[in-house]
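Asker: One structure coming up, written as structure tokens, with questions to follow.
The values are calculated or read from the model by the stated rules, or taken from the named source; none is laboratory data. As the structure is a prediction and not an experimental result, all values here were calculated from the model. When we count neighbours, we look across all protein chains shown, and the Cβ atoms used for this are built from the backbone with ideal geometry, even at glycine. The protein model used for the area step is the full one, side chains on, heavy atoms only, and it has no ligands, DNA or RNA in it. Shrake-Rupley method; radii C 1.70, N 1.55, O 1.52, S 1.80 Å.
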Amino acid sequence: YSHVPDGMQPVLLAQLVEQRLKANAESGAALVFVARDGRRMQRMQEVLAELMPGHPIVGLPAWDCLPYDRVSPNSVTLSARMTTLAALTDPTTRGAVVLTSVNALVQKLPPRDVVERMSFSAASGQVVDSKRLIEWAADNGYLRVPTVREAGEYAVRGGLVDLYPAGAESPLRFDFFGSQLESIRSFSAESQRTTGTLKRISLSPMSEVLLNEETIKRFRSRYTAAFGGNTVNDPLYGAISAGQRFPGYEHWLALFYDHLDRLADYAGGA
């Protein structure tokens, strides 16, 4: 389909999705569309959203920085990437249209099983352990504070857990009664007043690098093997050893995991 005019591509994709879902309604991803660049990918996402309202359409943009740059990818870019990967590991996702670019397609990704474990999905009325949500926030680098004001923060007050997901427009308030999640509400970070309710929420990891005891140990071993053991004045090595995020540490992704995956490992046979 490389010779299809740009203006007809969204219509053709919508038809292909319909055909593939008729053949296999249980497929997590119906198809993957690879755009020439990020701008065309974004445009395709906007058009498909109009053509297929309510259908899961997710995008995997490329990092907006150079390889081994001393800065991390933009937080909006990281959030979009992790939201897409989390959606593709969610068993409730059906027939998703995955949009990406050439640059993003050739880039390796964190292992699928890691993203699957570090994603959190819940619906109001379900039996949910509040400790699992708190542990998820702590493991993903969220900062525990008395009152949530900024993205990347969470707070615990009795049966209430406030959390401001990275890339979200507003923070969320999870109201637990015992082991039951009674409600999920969005609220204003300034006034702390409720602004809406949600029936279901899916939270994705904040970063492609999960910092825990296992990944930190693997990074330290591989980093010293590659660059030697003189790490006293190495700020990257020192920060990761202390379990802290460091600007640009995502570029060392391969040192944190025993293997890396590609988009095909997430999207299956799409």
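Asker: Give the range 227-263 a look and list any residue that's assigned to a helix (DSSP H, G or I), touching a helix residue (DSSP H, G or I) at 6+ places or on another chain (Cβ under 9 Å) and free of Cβ contacts under 8 Å to residues at least 12 places away in the same chain, or say none.
Answerer: 227, 239
Asker: Regarding the range 168-184, can at least one residue be identified that is of a type in the set (A, V, I, L, M) and surrounded by fewer than 16 Cβ atoms within 10 Å (Cβ to Cβ)?
Answerer: Yes, the range 168-184 contains at least one residue that is of a type in the set (A, V, I, L, M) and surrounded by fewer than 16 Cβ atoms within 10 Å (Cβ to Cβ).
Asker: Within the range 48-164, which helices (runs of 4 or more DSSP H) (wholly inside it) include 1 or more residues that are under 15 Å from residue 203 (Cα atoms) and of a type in the set (Asp, Glu)?
Answerer: The helices (runs of 4 or more DSSP H) meeting that bar are 112-117, 130-139.
Asker: Quick check on this structure: which one of 35, 62, 96 is among the small types (Gly, Ala, Ser), modelled with pLDDT of 90 or more and surrounded by fewer than 21 Cβ atoms within 10 Å (Cβ to Cβ)?
Answerer: Every option except 62 fails the conditions.
Asker: Residues in the range 146-163 that are crowded, with 16+ Cβ neighbours inside 10 Å and within 17 Å of residue 131 (Cα to Cα): how many?
Answerer: 7
Asker: Looking at the range 120-144 only, could you name the residues that are among the hydroxyl-bearing types (Ser, Thr, Tyr) and either without any contact (Cβ under 8 Å) to a residue 12 or more places away in the chain or open to solvent by 20 Å² or more (accessible area, probe 1.4 Å) (or both)?
Answerer: Passing the criteria: 121, 124, 130.
Asker: Now for a separate question. Is one or more of the residues making up the range 171-181 at pLDDT below 90 and not in a strand (DSSP E or B)?
Answerer: Yes: one or more hits.
Asker: Check whether at least one residue in the range 203-222 is in a strand (DSSP E or B) and surrounded by 15 or more Cβ atoms within 10 Å (Cβ to Cβ), and report yes or no.
Answerer: Within the range 203-222, one or more residues are in a strand (DSSP E or B) and surrounded by 15 or more Cβ atoms within 10 Å (Cβ to Cβ).
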